Structures are given as C-alpha cells and as structure tokens.
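Chemist: There's a structure below that I have some questions on.
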There are 2 protein chains.
Amino acid sequence: MDNIKKKLQEKGLKITPQRLAILQALMSNKSHPTAEMIMEYIRVNHPNIATGTVYKVLDTFIEHQIIKKVQTEKDVMRYDAIMDHHHHLFCSESERIEDYVDIELDELLQAYFIKKGIPDFKIEDIRLHVNGKFLRIE
Amino acid sequence: MDNIKKKLQEKGLKITPQRLAILQALMSNKSHPTAEMIMEYIRVNHPNIATGTVYKVLDTFIEHQIIKKVQTEKDVMRYDAIMDHHHHLFCSESERIEDYVDIELDELLQAYFIKKGIPDFKIEDIRLHVNGKFLRIE
DNA sequence: TCTTAAAAGAGAATAAATCTTATTTAGGGT
DNA sequence: ACCCTAAATAAGATTTATTCTCTTTTAAGA
C-alpha cells in the first residue's frame, strides 16, 4: 500500500482514498478489469464512490503512465496495471486476457526489425496479440 | 462488383443493395473505417440507409468472416475487409492504422512458437500491433 | 491552521451500438 | 414471370459505456 502511495507521489499526484482504492484494485487483479469491475470491487470498502470519479481517475493514471488500456474488439475498455513490456493472450471463447512476458521473443523481434525495418514507419513499440485457447481453467 | 456479389453468394447471404454498398465501401477504403465513415460514404448513393442496418450488416459480415474488427483503444469500432493474415501499424499521434504484411516475420514467429510454445495455451493466431509514427503523409 | 487548486460527488448529457416492431424484398419454388 | 416466405431493412426508441458540468469537498503546501 505504501508502494502504491509512492507511485502516485512520484507522478506528482495527490493521494486520495479513491485513487488508492482504484490503483490497489487494479494491482491486485490480473484479469485486466473493466471500470465496472473495479467499481464493484472497491464499493465494498468505498460504497459512495462516483462512477465519473472512477473513469476520471483511470484517465489520470493513463495520462501519467501508471496504467494502460488494453486493446480489444469489445466496446468495454479494459485496464492493465502492469507497465513492464509484455504481450497479451486472448481467449477466443471468453473475455479472458492474460499477460505474456517473453524477453527472448522481444529480442528476436527487435533484431528482426532492426535488420529489416518497416518502410516509412518509425517503430516505437511492438505488442503481440496472441489469440487462442487456455488449456487450464483460471 | 461481381467479385463482391460472389463473396456474398459463397457465404449463402442474400444480395441486397445495402450489403453491396457496405462491402464495396469497405473494400475500397484501406483506412479501416468506422461504421460512421462507412455510412457517410454510402449515403451519397444510398441516402436512406438506416444506421441499424449498417451495424447489422457489419455484424453479419463478421459472423461470416468476410470482414474483421480491428482492436483499438478507442470506443469506436473499426472494420477491416482484408482477411489475409496481416498485422497492423498504429500511429501514436493520430487514428491512422495501416496493414502490415510480412510472411518472413510470420514464418519466424511460427518457428519460434512451435519450438517454444506457451504453457497451457493453444495458439490460434498471432497479430502484431506495431505502434509508432508514419514518416510519410498518406 | 488556513488557503486554494485539485479532486470527488451527483446526475445530466453524449455517442456508439443494439433492440423492437412494422414493412419491404430477395430469391427459391411453382 | 409470379407467388410465397423467410430474411433483410427502416425507423426510431433504448441501452450501455463513458464524458461532461457544476457544486462541494479535500489534500497538502504556506
């Protein structure tokens, strides 16, 4: 929790109970939750947090690079508190999304694109979207 | 245009002026348009097409694998009529999205994952989301 | 402790997408 | 070519996620 406070302070953000609750919710949840799911989770301890506040706080976090949006095909946004470079595994039968970290792969891709490049495009970041099926239930 | 008709027939879909217009719009537009943009485009020749029809037709096309949704961070859906395996280049400063085809890369990835695999996950499809900047204006 | 800019609350407003119901139409069968 | 019917479209109300506006509250530096 102190670690969460430090994160906000580093970015020059005021420490509020709402921000702490939302960031804590995000960091304890690896399932890339929606704003809805975050609200549900924090309403246990913060019954009167406003919907708009949650969206606003999430936007603030994104702006300050504390969290990221996850790109999906659905019209509900999902959020990710893990900022280290990683890829995503998407379940083709459910809404499940998991992180996939693979430094060896990153090096392979980096080497490939340094050698080959993409015409008229300056690469900043490469993310894999791996679609498939999870063989074990979460 | 006959080619578009054939596409619908192959999937057992009725050929309607609305479907032809929407698919034609999608195939002539490489910018991964939104439903809104498609409507604007086809309203020139089809002034009284209903919004709901456009969404319905797009869903039907997705269901029959004639088009695909593009995963973005925004809450407007974008559509792609190119079904051959390809990746996407995302502009970090605008809404521009372009296709990126690279068979050599696909082979590299395939070889990598056949060798290495992902624990408890059966890969069906791998897409790269390459973020960066376009060095030439469209 | 005081001050004030920043943040949160409440709920109205917006925008994309979906749903409902009535009407129309494509295309197979006669 | 003409029916017939299931499928498709039109129109517009509705839903859902998200954003906006305005007022009140609060964090944290002076």
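Where a number appears in this text, it was derived from the coordinates with a stated rule and is not lab data. These numbers were taken from a predicted model, which means no experiment stands behind them. So basically every Cβ, Gly included, is an ideal-geometry build from the backbone, and we count neighbours across all protein chains shown.
Chemist: Can B:D75 be described as farther than 22 Å from A:D120 by Cα, assigned to a loop (DSSP other than H, G, I, E, B) and of a type outside the set (S, T, Y)?
Modeler: yes
Chemist: Can you tell me which residue among B:E98, B:E40 is charged (D, E, K, R), surrounded by 12 or more Cβ atoms within 10 Å (Cβ to Cβ) and touching a Leu at 6+ places or on another chain (Cβ under 6 Å)?
Modeler: Every option except B:E98 fails the conditions.
Chemist: Please identify the pairs in which a residue from the stretch A:1-20 that is in contact (Cβ under 8 Å) with a residue 60 or more places away in the chain has its Cβ atom under 7 Å from the Cβ atom of a residue that is near DNA strand C (Cβ under 9 Å from one of its atoms), counting only partners at least 6 apart or on another chain.
Modeler: Correct list of pairs: empty, since none qualify.
Residues are listed down the side, and each one gets a yes or a no for (1) within 14 Å of DNA strand D (Cβ to nearest atom); (2) within 13 Å of chain B (Cβ to nearest Cβ); (3) under 24 Å from B:G117 (Cβ atoms):
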| site | (1), (2), (3) |
| --- | --- |
| A:S28 | no, no, no |
| A:S31 | no, no, yes |
| A:Y41 | no, no, no |
| A:V57 | yes, no, no |
| A:D84 | no, no, yes |
| A:E93 | no, yes, yes |
| A:I103 | no, yes, yes |
| A:D106 | no, yes, yes |
| A:F113 | no, yes, yes |
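Chemist: Ok, one more. Condition (residue is away from every other protein chain (no Cβ under 11 Å), more than 14 Å from the chain's Cα centre (by Cα) and either in contact (Cβ under 8 Å) with a residue 60 or more places away in the chain or closer than 22 Å to B:Y112 by Cα (or both)) applied to the stretch A:119-132: is it met by at least one residue?
Modeler: Looking for residues that are away from every other protein chain (no Cβ under 11 Å), more than 14 Å from the chain's Cα centre (by Cα) and either in contact (Cβ under 8 Å) with a residue 60 or more places away in the chain or closer than 22 Å to B:Y112 by Cα (or both), one finds none in the stretch A:119-132, hence no.
Chemist: I need the full set of residues from the stretch A:68-82 which are more than 16 Å from DNA strand C (Cβ to nearest atom), facing chain B (nearest Cβ under 9 Å) and either more than 22 Å from A:R136 (Cβ to Cβ) or hydroxyl-bearing (S, T, Y) (or both), in order please.
Modeler: Our first condition is that a residue be more than 16 Å from DNA strand C (Cβ to nearest atom); within the stretch A:68-82, this holds for A:68, A:70, A:80-82.
Applying the additional criterion that residues be facing chain B (nearest Cβ under 9 Å) yields A:68, A:70.
Listed by number, the list holds a single entry, A:K68.
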